[in-house]
Amino acid sequence: MAGTSAEYIRLRSRLNLLLTILVIYDVILSATCLIRPDLWYQYIQQGLLFRTGAVWAAVSLFQLIARWKWEVQPYWLAVIAGIRLTEVFSDWTYLYVAGNITPLGWFGLLVNPPMNLLLGWYLIQSYRRVHVEFSPALRAGRKG
């Protein structure tokens, strides 16, 4: 049975509140890093390389889940697009502020942002096509 409009209104209110709180939280974190890096280093930064490795491990895990699930649950394409799009500004920012980068590191940091932007766009377009243009029955016929 479909939910009522009152249920939708409650869900919409909760999601809007949650997203607002998350935006405020992440703006504070990013502003601290970008505007007052001294505070970031003083209060937060410890083992940033290990944190970065853990983020990449999570990205790999979510991409693996998406590989297994997207044909039945196409929203996984949008999830991976979102993950990819979060990296659009980071590498060029690092390239701008880093003092000593190897040629391979410089190349990777230069290429990754446009690649992530292109991948994010492609995955969102693919999600839209799978979700809108192709019927669930057509997708259900795919077995492998």
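The values are calculated or read from the model by the stated rules, or taken from the named source; none is laboratory data. Keep in mind that what you see is a predicted model, and the values were worked out from it rather than measured. Positions of Cβ are generated from backbone atoms using ideal geometry, with glycine treated the same way; all protein chains shown enter the neighbour counts.
Annotations for the structure displayed:
- Scanning segment 96-121 for residues that are of a type in the set (A, V, I, L, M, F, W, C), in a helix (DSSP H, G or I) and under 16 Å from Leu48 (Cβ atoms) yields a total of 2.
- Any hit, segment 33-50, residues being in contact with a Leu (Cβ under 8 Å, 6 or more places away or on another chain) and hydroxyl-bearing (Ser, Thr, Tyr): no
Rundown of residues vs (1) surrounded by 13 or more Cβ atoms within 10 Å (Cβ to Cβ); (2) in the same structural domain as Leu117 (by TED's automatic domain parsing); (3) aliphatic (A, V, I, L, M), yes/no style:
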{"site": "Cys33", "(1), (2), (3)": "yes, no, no"}
{"site": "Ala58", "(1), (2), (3)": "no, yes, yes"}
{"site": "Leu64", "(1), (2), (3)": "no, yes, yes"}
{"site": "Lys69", "(1), (2), (3)": "yes, yes, no"}
{"site": "Leu77", "(1), (2), (3)": "yes, yes, yes"}
{"site": "Arg84", "(1), (2), (3)": "yes, yes, no"}
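- Scan of segment 46-56 for residues that are of a type in the set (S, T, N, Q) and surrounded by 11 or more Cβ atoms within 10 Å (Cβ to Cβ), ordered by number: Thr52
For every residue, the table says whether it meets (1) closer than 17 Å to Ser90 by Cα; (2) loosely packed, with under 10 Cβ neighbours inside 10 Å; (3) of a type in the set (A, V, I, L, M); (4) not assigned by TED's automatic domain parsing to the domain that holds Thr93.
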| residue | (1), (2), (3), (4) |
| --- | --- |
| Ser5 | no, yes, no, yes |
| Leu15 | no, no, yes, yes |
| Thr20 | no, no, no, yes |
| Val23 | no, no, yes, yes |
| Pro37 | yes, no, no, yes |
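- Listed here are the helices (runs of 4 or more DSSP H) enclosed by segment 1-95 that have at least 2 residues being modelled with pLDDT of 85 or more: 5-35, 48-69, 75-85.
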